[in-house]
Amino acid sequence: MTLEKAVRDVAVLVGSLRKDSFNRKIANVLANVAPTALRLEIVEIGGLPFYNEDIEHAPPDTWSNFRQRIKAADAVLFITPEYNRSIPAVLKNALDVGSRPYGQNAWDGKPGAVVSVSPGAIGGFGANHHLRQSLVFLNVPTLQQPEAYIGGVGNLLDATGNLVNDGTREFLARFLSAFNSWIGVNGRP
Ligand code: FNR
């Protein structure tokens, strides 16, 4: 009998809708440096209508499909810009949509990790930690170390989105390796 280790399905949520988003580029870099045990897939959040409890009796398909996608994932990885020292509304909306209806929180128990990305010097620290506040409530056991604050991102990528900094590539690979171990400890058997 061969004991093959299943590849873990990681749902990736990117907190920027911008076509040339640095965060999306870093998400693509992460997918490329991921260990073979992890398969990273971006789950789009830009088409989710704003959360409104009034329409829970007949939720839009976009909400239902999103909730199913998150429930099916082995883990969730958030890659977010910082907007005004917090997370972008589109990402908060995705958290809210996934958290309801009451009692059916799609995030419940999913191992998670956070990467914040900014052209600025402090690497989206405020967004990274604001996001963690919601993840505590949503019961997402979130990787603590290494923390990932990717600052000065404008100098790390070339025009086509390739990473031009070996140290950052090594760091991101190490980060995902730690995340893989984290999923092993905190994820479903
Ligand atoms: C920003 N930006 C920003 N950057 C930062 O480091 N801290 C911040 O608080 C903010 N605030 C902020 C608010 C708003 C509304 C916008 C549009 C932008 C700059 C931000 O980091 C920059 O636009 C990034 O390029 C956004 O990430 P993407 O879209 O490139 O992935």
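If you check 40, 48, 95, 91, which single one turns out to be among the aliphatic types (A, V, I, L, M) and within 15 Å of the ligand (Cβ to nearest atom)?
Unique residue meeting the criteria: 91.
Output the residue which, of all residues in segment 119-129 that are within 9 Å of the ligand (Cβ to nearest atom), within 17 Å of residue 89 (Cβ to Cβ) and buried (at least 20 other Cβ atoms within 10 Å of the Cβ), is farthest from the chain's Cα centre (by Cα).
For segment 119-129, the residue satisfying everything is 124.
Of the residues that make up segment 130-147, is at least one of a type in the set (Ser, Thr, Tyr), in contact with a strand residue (DSSP E or B) (Cβ under 7 Å, 6 or more places away or on another chain) and surrounded by fewer than 23 Cβ atoms within 10 Å (Cβ to Cβ)?
Within segment 130-147 (the criterion being of a type in the set (Ser, Thr, Tyr), in contact with a strand residue (DSSP E or B) (Cβ under 7 Å, 6 or more places away or on another chain) and surrounded by fewer than 23 Cβ atoms within 10 Å (Cβ to Cβ)), the answer is yes, since at least one residue qualifies.
Only residues in segment 32-55 that are farther than 15 Å from residue 79 by Cα and among the charged types (D, E, K, R) count as the first member; pair them with residues that are in a loop (DSSP other than H, G, I, E, B) and open to solvent by less than 100 Å² (accessible area, probe 1.4 Å), Cβ under 7 angstrom, at least 6 apart or cross-chain, and list the lot.
Filtered contacts from segment 32-55: 39/7.
Step by step: first the residues of segment 61-86, then only those that are farther than 23 Å from residue 38 by Cβ and in contact with a Leu (Cβ under 8 Å, 6 or more places away or on another chain), then the one that is most open to solvent (accessible area, probe 1.4 Å). Which residue is that?
Going through the qualifying residues, I end up with 62.
Considering segment 1-55 alone, what residues qualify as being part of a loop (DSSP other than H, G, I, E, B), open to solvent by less than 30 Å² (accessible area, probe 1.4 Å) and more than 28 Å from residue 159 (Cβ to Cβ)?
Across segment 1-55, the qualifying residues are 37, 48.
Go through segment 56-85 and give me each residue that's charged (D, E, K, R) and in a helix (DSSP H, G or I).
61, 67, 69, 71, listed by residue number.
Please indicate, with yes or no, whether at least one residue in segment 52-74 is within 16 Å of the ligand (Cβ to nearest atom) and of a type in the set (Val, Ile, Thr).
no
From the residues in segment 87-101 that are open to solvent by less than 30 Å² (accessible area, probe 1.4 Å) and in contact with a Phe, Trp or Tyr (Cβ under 8 Å, 6 or more places away or on another chain), which one is farthest from residue 53 (Cα to Cα)?
Here the answer is 91.
The values are calculated or read from the model by the stated rules, or taken from the named source; none is laboratory data. Values in this document were obtained by computation on a predicted structure and should not be read as measured data. All Cβ positions, glycine included, derive from the backbone under ideal geometry; neighbour counts span all protein chains shown. Ligands, DNA and RNA are excluded from the accessible area calculation, which covers all protein heavy atoms including side chains. Shrake-Rupley method; radii C 1.70, N 1.55, O 1.52, S 1.80 Å.
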